[in-house]
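What follows is one structure encoded as structure tokens, with my remarks underneath.
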Amino acid sequence: MGLTKTATGLHAVDNGLVIKKISDADQVIALAGNPNVGKSTVFNELTGLKQHTGNWPGKTVSNAQGMCSHNNSNYVMVDIPGTYSLMAHSAEEEVARDFICFGDPDAVIVVCDATCLERNLNLVLQTLEITKNVVVCVNLMDEAKKKDIKIDLKHLSNKLGVPVVGAAARSGKGLRQMMQAVQDLLKAETRDPVMQIRYIQPIEDALALLEPPIREKIPDCRINPRWIALRLLDYEKTLYNSLTDYLGFDLLSDAAVADALKKARCILQDNGLTGEELKDRIVSCIVMNAEDTANGVIDFDKKTYNARDMKIDRILTNKWTGYPIMIALLGIVFWLTITGANYPSKLLSDCLFWVEDRLVELAVWAGVPAFFYEMLIFGMYRVLAWVVSVMLPPMAIFFPLFTLLEDLGYLPRIAFNLDKAFKKCCACGKQALTM
């Protein structure tokens, strides 16, 4: 009994997706994960659809849907956009968050990169805050082996309280076991308690006050009331509007919930936790919980495996040295692009216009009417020659250099450096790269 691959259509609605099922028995599985962890590769291997697997952040710009069968059970697999967090700062992150929260998937597979598992656990823990129906797929186990990184999957599973499966999606290894884990999870009558993010005491006190009235108001909601309480404390209008549409009523119209929220915010204000400070503390707690989870799970033969990267980060992301290095490096790239393009551009134009002269001579020799060859040669060919000679050389220089910066890991550091500046205009650091 293996995996069989079929396909079905896409139906985009706003930022979400209308799931097209073959029958009511089909179960919807969301594929979540950070960018560049092989999530779309997992999707392609399971469904047979050739979803593009590019190597840049946020490359999955809409939800892709396909069918997968395992042990006579049908699953609708939904590949949602890659995201580092469910605290959405961009359009693709909103799509991912809203589908996990309000798309009612029967289970969520969170795909992680085995070579940097600790960072990926941030998303795993945030997903567990919303739903217990989670399977963690630790992908790129083959790459981790090359780097002498060992991961105790069983220990990690015990810590998280959900199934954890190792995989190497490019070769299809581990995907059968992953789908079996999904099937067992959905059939299980009882569940182990999942790991819960622990926040600093003022936030926990506020959650303890706000969660009970929410749980009482929506006892059968598939979304964890604790997570809803956290999102009400860290209020975001777009998320609250989506929550209202999902529930079918305004949660804050309930007097008990509104009163508890007011008291919970007073607790936070008394401890200086408002606005950005509250967001920063929430993020800090998530990161610390991820670090604690990774402790004892990941083993490196070389304990100083990332010492060089940390030294480089201290220089490239430092507030005093990061910006000058960034400006100088990008300045060099643009200088090489503009100045370096002059030489191949001149060579190309000389060659192409020499060909133009020969074409004119050939047309005259052949007795082609002047209006006809002038239209073709002086109109179409000359314009094409100018475009090629002017545009091709800088593109051929700039894009390889930009790709080199990405492969060296410098572009994410640029995004990190500029994130705070871009947030002031309601954007995020990743958008610096498109600028």
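Using a ≥ b ≥ c from the Cα gyration tensor of the chain (square roots of the eigenvalues), is it rounded, prolate or oblate, where a/c under 1.5 gives rounded and otherwise the larger of a/b and b/c decides, a/b for prolate?
On the way: a/c = 1.94, a/b = 1.70, b/c = 1.14.
In terms of gyration-tensor shape, prolate.
Using Cα atoms only, what is the angle between the long axis of helix 410-423 and the major principal axis of the chain, expressed in degrees (0 to 90) to the nearest 10?
The two axes meet at around 70 degrees.
In the chain, which longest range has no chymotrypsin sites (Phe, Trp or Tyr not before Pro) that are both DSSP loop (not H, G, I, E or B) and surrounded by at most 16 other Cβ atoms within 10 Å?
On the way: sites that count: Y235, F249, Y305, W320.
With a cap of 16 other Cβ atoms within 10 Å, the longest stretch comes to 1-234.
Could you list the trypsin sites (Lys or Arg not before Pro) in region 381-435 that lie in coil according to DSSP, counting only those with at most 16 other Cβ atoms within 10 Å of their Cβ? Intermediate results must be reported in sequence, preceding the final value.
On the way: sites: R382, R413, K420, K423, K424, K430; in loops: K424, K430.
Listed in order of number, the matching sites are K424.
What does the C-alpha gyration tensor say about the overall shape of region 254-340? Classify as rounded when a/c is under 1.5, otherwise prolate if a/b is larger than b/c, or oblate. Write out the running numbers ahead of the final one.
Details: a/c = 3.61, a/b = 1.67, b/c = 2.17.
Oblate.
Rounded to whole Å and sorted largest first, list the principal axis extents of the Cα atoms in region 178-332.
For region 178-332, the Cα spread along each principal axis is 58, 44, 31 Å.
If I take R0 = 30 Å and measure r between the Cβ atoms of K146 and Q180 in this structure, what FRET efficiency does the formula 1/(1 + (r/R0)^6) give, to the nearest 0.05?
Details: r = 27 Å, r/R0 = 0.89.
The pair K146/Q180 has a calculated efficiency of 0.65.
Based solely on C-alpha atoms, express the radius of gyration and the Dmax of region 190-235 in angstrom.
Using the Cα atoms of region 190-235, the pair Rg, Dmax is 11.2, 33 Å.
Of the accessible area of region 146-269, with the probe set at 1.4 angstrom, what percent is carbon plus sulfur?
Details: 3230 of 6570 Å².
That fraction is 49 percent.
Just to confirm the filter: which GluC sites (Glu not before Pro) across region 175-228 are DSSP coil and have at most 12 other Cβ within 10 angstrom of their Cβ?
Details: sites: E189, E204, E216; in loops: E189.
Passing sites in region 175-228 are E189.
Express the carbon and sulfur contribution to the solvent-accessible surface of region 59-119 as a percent, rounded to the nearest whole number, probe 1.4 angstrom. Mind showing how you got there, number by number?
Numbers: 670 of 1550 Å².
Answer for region 59-119 is 43 percent, counting heavy atoms of protein chains only.
Run the reach check for K173 against aspartates and glutamates, Cα to Cα strictly under 15 Å, same-chain hits fewer than 8 apart removed. What comes back?
Hits, sequence-local ones excluded: E45, D113, D142, E143.
Could you grab the relative contact order for the chain? Cα pairs under 8 Å, six or more apart, rounded to a whole percent. Intermediate values should be presented prior to the final figure.
Working: 608 pairs, mean separation 51.9, N = 435.
Computed over the chain, the figure is 12 percent.
If you keep only loop residues by DSSP, which trypsin sites (Lys or Arg not before Pro) in region 182-240 have at most 12 other Cβ atoms within 10 Å of their Cβ? Can you show the working numbers first?
Working: sites: K187, R191, R198, R215, K217, R222, R226, R231, K237; in loops: R191, R198, R222.
Qualifying residues, ordered by number: R191, R198.
Over the chain, give the accessible area per residue in Å² for a 1.4 Å probe, as an integer.
Details: 23020 Å² over 435 residues.
Accessible surface, normalised per residue, equals 53 Å².
Can you give me the long-range amide H partners of V138? Hydrogens built in the peptide plane at 1.01 Å from N, cutoff under 5 Å, separation of 5 or more residues or another chain.
C112, V165, G166, A167
Could you report the accessible area of D142 in Å², rounded to 10, computed with a 1.4 Å probe on the protein chains as they sit in the structure?
About 50 Å², ignoring ligands and nucleic acids.
Rounded to the nearest 5, what % of the DSSP beta bridges within the chain are antiparallel ones? Walk me through the intermediate numbers first.
Values: 18 of 37 bridges.
Counting DSSP beta bridges with both partners in the chain, the antiparallel share is about 50 percent.
Could you name the aspartates and glutamates in cross-link range of K423, using Cα to Cα under 17 Å and dropping any fewer than eight places away on the same chain?
E92, E93, E94, D234, E236, E276, E277, D280
Only Cα pairs under 8 Å and at least 6 apart count here; give the relative contact order of region 325-406 as a rounded whole percent. Could you put the intermediate results ahead of the total?
Numbers: 38 pairs, mean separation 42.6, N = 82.
Relative contact order here is 52 percent.
Once phi is turned into θ = phi - 60°, what whole-Hz ³J(HN,Hα) does the Karplus curve with 6.51, -1.76 and 1.60 give for every residue of region 349-365, x standing for Gly and Pro?
Ordered by residue, 3J(HN,Hα) equals 5, 4, 5, 5, 7, 5, 5, 4, 4, 5, 5, 4, 4, 5, 5, 5, 4 Hz.
The values are calculated or read from the model by the stated rules, or taken from the named source; none is laboratory data. These figures come from a predicted structure and were not determined experimentally. Virtual Cβ from ideal backbone geometry, glycine too; neighbours counted across all protein chains shown. Areas reflect the complete protein model, heavy atoms only, side chains present, ligands, DNA and RNA absent. Shrake-Rupley method; radii C 1.70, N 1.55, O 1.52, S 1.80 Å.
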